[in-house]
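The values are calculated or read from the model by the stated rules, or taken from the named source; none is laboratory data. Not measured: the values here are computed from a predicted model. Using ideal geometry, Cβ is built from the backbone for each residue, glycine included, and neighbour counts are taken over all protein chains shown. Just so you know, the surface numbers come from the protein's heavy atoms only, side chains and all, with ligands and any DNA or RNA stripped out. Shrake-Rupley method; radii C 1.70, N 1.55, O 1.52, S 1.80 Å.
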Amino acid sequence: MFRKLAVQLFEYFVQKLRYFRKICTYLTGENVKNSSYNLVIKDIVLVVALVIALILSGFSVLACYSSASPYAVEVVLNKPGVVYDLSKLAGMESAASVDYFGAYSAYVYRSHYDDRLIVVVSEQGLKYANVKIPANEPVITFVIKGLDINPKQISDNIEKVRGELGWSVKTPSIPSGKGIVFVFTKTIGDAEVKVFLGIFELAEEEEGGKGYTVKLGLLVRKAEEISDELASKIKLEIERLLDKIELSQFKELLKTNLVKGSLLRSPPEQEKYLAVRIQIPLKLEVTTTTVHTCSISGRFNISELRFETAENLGWSVWVKRDTEDNYVGFAMSKNLGYATLYVEGKGKDNELYLSLRVEGVSSLSDAILSEFKKVFKAVGLGEDLVGKCSFEKFEESRGRFVPAYDIGEEDIRKALRTELKWLSERGVISGLSEDDIENIVSSAKLGYAGWNSRLVWSEGKWVPYSSTEGAMVLRCVRAPPSFFMLEEEVNEPAVESPGQASYDLFPTALYLTVSVVMALLAGAAAYLIARRSLPVEN
């Protein structure tokens, strides 16, 4: 059940970002013109080098965010002289072992100050977030939705080239029976390269149910490093494979730096510290809104369109141009009474694709249509284009996590004080003085929790980690773990069929969603989304 809740939160967040994601995606080729691209990256550790590499590649990323953190405080006891012994907590019946993002080990129990509150005691590092990942899942996955292909033809092509290019091929079973997966393996240089190919039917609500979702995953093992030369060889071999099986659409997404990033690395060694978190339980609040959407295209001189002028009419505007490729992507939004209006689009070579969206009202008034016409005229699209747009109406459900109880910051501080004293009395923590505890409590604020915002000892005081010099700040979005939810929200844990997760090609570790083609053109927007599927507390 929690998995369903987490997915709802994820979909809600993506909905809020969909305008930037779409405009950054330029889709080429007739058979992928209506497709959507995603890129997924995961690794055993979230190393800042990965983030820096992405930035240097032209990507911009979001800060690491969890909807649970605003309702929690967390402190890492990295002050010199403070030591810990988690084995003493592990032996207590009241504490349950859980999988907690970024931690090497973690235990959860109910607060001794207020049993409605959740306490997480974990073992963490300061530089690297430890993310446990199976060794046989792709590190990088490309996803194209709505691809117009013939799965049988691709399967036949794979049979024809089985072994022809030196790749071994396995076809693991899919428990759902709704797709097919192939795993190609080949030794290239001193590296073992695995290519995961999955073909799945689209659900009716995805892209209108037309076409297929195709996922291409990469994993490189048994190599210390991937040099530029080796990365180029691997890239060439994969491109030859894609040509043979007639999925060359993925070739333009396959870049050398991404091949290098597909290496499964061992986690670096780092000093570990004890962390204590006080969390207000969460519940899912679901709301339903009315949405009107339409799509339309037309031919325009893209270089003459003046999207920035929409700001003079009260619209929020984001626009990205690439004059060399004659490309433009843009998104605009405006609040009009109870309605929120959106216009987004992308275009190349004078062909422009537009999407209009209205949220929050049961019907489209003349005032709303007039607002679209005014902004279209101002930017150079012409107001007549709005009249050609046929709107579709539907209801859209959205969920957000909110605190299950009204518990204030002062009580959270008192709970933190109680737990630090209790852990010290039990010998789980040693070397933490009364003054240390009071200094921690006085520094704690709701929202000082999670990897970037947890309190740490730095230069003689307790401060949020992100404010310290050299902080390895992560860029991600995470759904809260199940043990942060009210018990009635998580008493029906989702059960997967054996082997299902292994070939999902969306393993539940670290997600990097990228508007790939725009990144190739101008390096625009990227979303680093970390999602962990954490076990339900028994």
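All Cα-Cα distances of region 347-436, cut into 5 Å bins from zero to the largest, leave 3, 8, 13, 11, 8, 6, 5, 4, 4, 6, 6, 8, 9, 7, 1 percent in each bin in turn. Annotated for region 344-423: lysine pairs at least 8 residues apart or interchain, Cα distance under 29 Å, count 16. Any idea what the alpha-carbon Rg over 2.2 N^0.38 Å comes to for region 269-349? Against the compact-globule rule of thumb, the ratio is 1.83. For region 440-484, the per residue solvent-accessible surface stands at 35 Å², with DNA, RNA and ligands left out and a 1.4 Å probe. Checking every one of the GluC sites (Glu not before Pro) in region 250-337 against DSSP loop status and a limit of 10 other Cβ atoms within 10 Å picks out Glu269, Glu271, Glu324. Note on region 393-478: semi-axes of the ellipsoid equivalent to its C-alpha gyration tensor, largest first and rounded to whole Å, are 31, 19, 11. How much net charge surrounds Ser227 when only other residues with a Cβ under 12 Å from its Cβ are counted (Lys, Arg +1; Asp, Glu -1)? Residues close to Ser227 contribute a combined charge of -3. The residues neighbouring Val121, those whose beta-carbon lies less than 9 Å from its own, together hold a net charge of -1 under the Lys/Arg +1, Asp/Glu -1 convention. Taking K and R as +1 and D and E as -1, what net charge do the other residues with C-beta under 11 Å from the C-beta of Ile199 add up to? Taking every Cβ under 11 Å from that of Ile199, the sum is +2.
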